[in-house]
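A quick write-up on the structure given underneath.
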Amino acid sequence: MEAELKKILKLDVPVAHLRYKGKEKKYVVWTLLDETPLSASDDEIDYSEAPVDIDIYSEGNYLKLMSSIKKIMKENEWTWNGDSPEMYEEDTGLYHRTCTFIKERKI
């Protein structure tokens, strides 16, 4: 899943896995969450559901970026699973919004 996300998340802003260490004021960070088994046979998991959180950080309007991310993820068969409420982080002065996506995969 990591390789796929690195390949498809080509945006006009910096994109990082887990933590962004740059100086830009608009960037994206993605985090894979724990997979959930969906089905099994003969005591072996056949399918799982892999969730990913994509966090958008910005000084201002991030809606166009969020729309682009949702389009890219949908085109690559990830299902949107909701957004967090908009947050403002006092310590960084950035708005922060999390979008969650899931993808079923055969193991």
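Structure notes:
- Inclusion of ILE45 among residues that are among the β-branched types (Val, Ile, Thr), over 16 Å from the mean Cα position of the chain (by Cα) and assigned to a strand (DSSP E or B) is warranted.
- Checking the stretch 6-26 against the condition returns a match, with at least one residue being within 16 Å of the chain's Cα centre (by Cα), of a type in the set (A, V, I, L, M) and over 30 Å from ILE107 (Cα atoms).
- Within this structure, ASP55 passes the test of being under 16 Å from PRO14 (Cα atoms) and at pLDDT 95 or above.
- Residues of the stretch 56-107 satisfying the condition of being β-branched (Val, Ile, Thr), assigned to a strand (DSSP E or B) and touching a helix residue (DSSP H, G or I) at 6+ places or on another chain (Cβ under 9 Å): ILE56, THR79
- When residues in the stretch 78-87 are screened for being closer than 13 Å to LYS7 by Cβ and surrounded by fewer than 13 Cβ atoms within 10 Å (Cβ to Cβ), 0 of them pass.
- Among the residues here, ILE102 does not qualify as touching a residue at least 40 places away in the same chain (Cβ under 8 Å) and either under 21 Å from LYS23 (Cα atoms) or surrounded by fewer than 16 Cβ atoms within 10 Å (Cβ to Cβ) (or both).
- Those residues of the stretch 31-42 which are over 17 Å from the mean Cα position of the chain (by Cα) and assigned to a strand (DSSP E or B), in sequence order: PRO37, LEU38, SER39, ALA40, SER41
- Among residues of the stretch 1-50, those that are surrounded by 12 or more Cβ atoms within 10 Å (Cβ to Cβ) and among the charged types (D, E, K, R), counted: 7
Per-residue answers, yes or no, for (1) farther than 16 Å from ILE72 by Cβ; (2) in a helix (DSSP H, G or I); (3) not hydrophobic (A, V, I, L, M, F, W, C):
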site	(1), (2), (3)
ALA3	no, yes, no
LYS6	no, yes, yes
LYS21	yes, no, yes
GLU24	yes, no, yes
VAL29	no, no, no
PRO51	yes, no, yes
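- Any hit, the stretch 8-16, residues being in a strand (DSSP E or B), modelled with pLDDT of 95 or more and not basic (Lys, Arg): yes
The values are calculated or read from the model by the stated rules, or taken from the named source; none is laboratory data. If you're wondering where the values come from, they're calculated on a predicted model, not measured in any experiment. Note that we place each Cβ from the backbone using ideal geometry, even for glycine, and neighbour counts take in every protein chain shown.
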